[in-house]
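The values are calculated or read from the model by the stated rules, or taken from the named source; none is laboratory data. Remember, it's a predicted structure, so these values are computed and weren't measured experimentally. Using ideal geometry, Cβ is built from the backbone for each residue, glycine included, and neighbour counts are taken over all protein chains shown. Surface accessibility is based on the protein's heavy atoms, side chains included, excluding ligands, DNA and RNA. Shrake-Rupley method; radii C 1.70, N 1.55, O 1.52, S 1.80 Å.
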Amino acid sequence: MSYQPQTISGFTLGIGIDYGTSNTAAAVFDGEKVRLVPLEEHSAVMPSATYIDRDLKLQTGQAAIDQYIESNMGRTVELSAEILGEGRSTTGQIGKRGLPEEAETETIYGQSFVDGGQKGRLFRGIKRLLGNKSTPRLMVFDRPFRLVALITPLLLRIRNSLNSMQKNGHLPTGHIDHVCIGHPVNFEGTDSKRNINALTLLAESYQYADFTRQSFYPEPVAAALSYLHQYPQSGKKTILAVDFGGGTLDLCVLTAEISRFNVVATHGVGIGGDHIDQIMFRELIFPLLGRGERWSRPGEDREIETLFPFEDYEDLLLNWAISYLLNQNRYTSQLMQRIEYGDEAAGKFRRLYDLIKNNYSYLIFQSLKDLKARLSTDEFAHLDIPELDIELDISRTKFEQLISDLLTQIEEVIQDMLNKARLEPEDVDLVIRTGGSSLIPAMKRILTDRFPGKVVEHDPFTSVATGLAIAEYHKLSHSRLKDSATSVG
């Protein structure tokens with residue numbers, strides 16, 4: 001099979017971009033050498049983050065996160081009522097002009113949800129929303145933003161980095177308008193057309209970044225391709241690639257021999273590192289904020305005692321980007337009543353109140369991500385959030401107990417992949433493990449227990465971008481996902 005790689009001023013070049021739920025990476029391949037595109041000052045990996053301030057100025061990557069932390073966390077949130085318009089009452093008399101005489105004008109308010117002091121909005125995990133066609137436009141200071149508008153700035157930053165590489169002589173000159181776009185096997189969402197919806201939005205975003213010639217390639221296959229390029233296989237091998245990222249778990253089975261491979265089957269589900277973070281928040285932090293505590297309040301003829309309705313707060317707490325909406329009377333008044341009891345549990349509700357008023361949800365999530373990372377290398381880790389007077393010592397064993405249901409689900413997904421490929425574990429010669437969440441020891445153990453002596457780790461944060469660049473260079477990528485016999489030689 002022959003290929004015609006993309007050409008720029010007489011040079012051949014493949015470009016791949018892995019826009020991920022948590023992080024983004026890009027790579028170029030000239031047929032011999034793979035280069036990662038520097039996206040941050042000291043890293044080729046950029047957080048998939050976009051920050052928009054009140055002047056609608058944007059920042060991306062780590063700068064977006066830093067600006068959000070500096071401008072918003074620790075700031076006291078005060079929601080004001082949204083003004084819908086004015087209403088005028090009349091005296092009931094007809095004036096000289098034949099119109100009803102006005103008695104007074106009254107401002108009409110809507111639901112209390114406008115944070116007047118908010119300096120900017122931070123958006124992360126947008127990729128998880130792409131497959132849901134019903135996702136509304138996200139409001140940013142009274143302006144509706146499509147998801148495409150939040151993704152495009154990240155892609156423009158990659159374009160600028162490619163231009164800088166050209167100016168510095170690291171890439172051939174000429175306009176770069178082509179790219180291979182990575183995608184999960186299945187995007188998150190319940191819509192039956194979620195993959196089509198998501199790819200359509202991604203294609204539009206890349207178009208706005210002037211990547212007009214587009215091709216697509218499944219992320220787990222790209223990760224496998226990256227490994228095969230670096231380590232060509234002698235003799236026919238059956239390979240399982242497992243890509244466990246921030247939003248999805250993606251797998252593929254392929255057969256490879258020297259530089260030729262054939263994709264046998266692919267599989268993917270919507271579970272990832274973000275889901276683990278939410279489990280940790282729910283199980284470790286919620287009890288410290290009042291979940292499970294009781295409260296009493298006067299009734300008509302007797303005092304009523306029930307569990308505090310903590311479930312009313314949970315979804316907004318777990319969605320840190322909009323947790324400021326908890327600054328409404330229907331949430332805070334209950335907390336103030338409960339705090340006034342002055343019992344031992346009142347301190348928990350004071351902590352929840354402080355979290356809401358000071359916009360600390362993102363701080364908690366970031367602390368939990370750091371805790372998760374430390375438990376990947378250490379048996380014990382300390383969680384310290386002084387802003388909320390939270391200190392916990394967590395063991396890796398405890399962490400694995402918290403996510404045991406998810407680990408069971410992962411094992412089922414792996415078995416489903418084997419069933420789809422009609423393989424037994426002993427039929428697999430090599431397992432490629434990649435993706436940031438694949439660094440979790442429990443995930444490593446699941447694979448090594450099922451495939452002893454066969455599991456290798458491969459560039460957890462950059463393997464997909466590298467494989468996408470190689471796929472585009474060799475014309476392996478397509479306008480849509482399809483399994484086919486391909487060659488990298």
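Brief remarks on what is shown
- Criterion violated by LEU383 - all others in (1) modelled with pLDDT of 90 or more; (2) buried (at least 20 other Cβ atoms within 10 Å of the Cβ) satisfied: (2)
- For segment 21-44, residues that are in contact (Cβ under 8 Å) with a residue 60 or more places away in the chain, closer than 20 Å to PHE123 by Cβ and either part of a strand (DSSP E or B) or among the basic types (Lys, Arg) (or both) total 4.
- Residue among LYS237, LYS193 that alone is touching a strand residue (DSSP E or B) at 6+ places or on another chain (Cβ under 6 Å) and open to solvent by 20 Å² or more (accessible area, probe 1.4 Å): LYS237
- Looking only at segment 214-240, and only at residues there that are within 20 Å of LEU202 (Cβ to Cβ) and part of a helix (DSSP H, G or I), the one that is farthest from the chain's Cα centre (by Cα): LEU225
- Restricting segment 52-84 to residues that are at pLDDT 90 or above, open to solvent by less than 30 Å² (accessible area, probe 1.4 Å) and not in a helix (DSSP H, G or I), the residue that is farthest from PRO153 (Cα to Cα): ILE52
- Residue within segment 323-338 that is among the β-branched types (Val, Ile, Thr), open to solvent by less than 40 Å² (accessible area, probe 1.4 Å) and in contact with a helix residue (DSSP H, G or I) (Cβ under 9 Å, 6 or more places away or on another chain) present: yes
- Close pairs (7 angstrom Cβ cut-off, 6 or more residues apart or separate chains): more than 15 Å from TYR19 (Cβ to Cβ) and open to solvent by 20 Å² or more (accessible area, probe 1.4 Å) in segment 196-212, part of a loop (DSSP other than H, G, I, E, B) and not basic (Lys, Arg) anywhere: ASN197/LEU130; ASN197/GLY131; ASN197/ASP191; ASP210/ASP177; THR212/ASP177
- Complete set of residues in segment 325-377 that are more than 30 Å from the chain's Cα centre (by Cα), without any contact (Cβ under 8 Å) to a residue 12 or more places away in the chain and in a loop (DSSP other than H, G, I, E, B): GLU340, GLY342, ASP343, GLU344
- Test: residue in segment 214-222 that is touching a His at 6+ places or on another chain (Cβ under 9 Å), buried (at least 16 other Cβ atoms within 10 Å of the Cβ), touching a residue at least 60 places away in the same chain (Cβ under 8 Å) and farther than 16 Å from ALA26 by Cα: no
- Scanning segment 229-256 for residues that are aromatic (Phe, Trp, Tyr) and either more than 20 Å from PHE461 (Cα to Cα) or touching a residue at least 24 places away in the same chain (Cβ under 8 Å) (or both) gives a single hit, PHE244.
- Residue in segment 272-295 that is open to solvent by less than 10 Å² (accessible area, probe 1.4 Å), within 21 Å of THR24 (Cβ to Cβ) and not in a helix (DSSP H, G or I) present: yes
- Annotation: of all residues in segment 422-441 being in a helix (DSSP H, G or I) and surrounded by 20 or more Cβ atoms within 10 Å (Cβ to Cβ), the one that is farthest from the chain's Cα centre (by Cα) is SER438.
- Selected residue (criterion: surrounded by the fewest Cβ atoms within 10 Å (Cβ to Cβ)) from residues of segment 123-182 that are within 17 Å of ALA25 (Cα to Cα) and of a type in the set (Ser, Thr, Tyr): SER164
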